[in-house]
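First the structure, in the form of structure tokens, and then the observations on it.
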Amino acid sequence: MQRLQGTTDLVYNQIMKRYRIGEIARLSGLTLRTIRYYGELGLLSESRTGGGQRYYTDQDLVYLKRIIELKSLGFTLDEIARIIRLREDDQSGNKRRTELLTQYRSKLSQDMEKMGVLQSHIDELKWHIDQLESAEDGFTECPGAACAGCEHKSRCIFFSSDSRRS
């Protein structure tokens with residue numbers, strides 16, 4: 001890019017587009033209030049024109065999209081802020097990369113645990129559906145006299161050792 005009159009501002013403006021808050025909101029899919037809030041939290045830097053109007057750059061749009069992505073992956077705003085603040089003393093990006101890897105692995109582990117619990121719940125619901133679909137006339141006896149001979153008593157909460165003592 002050729003510099004005009006030796007000023008870096010002219011080169012910068014030709015390379016990096018400036019967006020008003022309404023434009024950046026439209027491009028990111030966020031509300032004006034959310035963008036202002038992210039600025040207050042330090043998640044997004046804002047610049048002002050000589051007249052005091054806020055403006056944002058392509059880099060700010062990238063950060064907004066990264067924030068949206070991280071939120072969709074379950075990151076809190078505090079976690080996102082911690083990662084963004086690392087840029088202040090992380091020219092190579094290695095600290096941010098390491099922190100992201102740590103956080104991604106933690107989120108994956110948490111989600112896999114949740115998935116296991118959810119799978120158990122799904123299996124239990126399927127089992128109950130199967131039992132109800134296969135029930136014949138004796139369903140009205142459950143729980144009841146037929147419990148002692150039921151093939152599913154080891155799994156049944158009505159036939160647990162605690163309930164037999166009551």
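The values are calculated or read from the model by the stated rules, or taken from the named source; none is laboratory data. Owing to the predicted nature of the structure, the values given are computational and were not obtained by experimental measurement. Note: ideal-geometry Cβ built from the backbone for every residue, glycine included; neighbour counts use all protein chains shown.
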- Message: Residue under question is G22, and the condition is that it be of a type in the set (G, A, S), at pLDDT 90 or above, exposed (fewer than 14 other Cβ atoms within 10 Å of the Cβ) and not in a loop (DSSP other than H, G, I, E, B); does it hold?
- Response: yes
- From G39, G29, grab the single residue that is at pLDDT 90 or above, loosely packed, with under 12 Cβ neighbours inside 10 Å and within 28 Å of the chain's Cα centre (by Cα). G29
- Query: Quick one: R54 ticks every box in (1) closer than 24 Å to E79 by Cβ; (2) surrounded by 14 or more Cβ atoms within 10 Å (Cβ to Cβ) bar one, so which box is it?
  - Reply: (1)
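Let's see how each residue does on (1) over 23 Å from D111 (Cβ atoms); (2) of a type outside the set (A, V, I, L, M, F, W, C):
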| site | (1), (2) |
| --- | --- |
| L27 | yes, no |
| R33 | yes, yes |
| R48 | yes, yes |
| D89 | yes, yes |
| R96 | no, yes |
- Filtered residue count, segment 60-80, keeping only those that are assigned to a helix (DSSP H, G or I) and surrounded by 13 or more Cβ atoms within 10 Å (Cβ to Cβ): 13
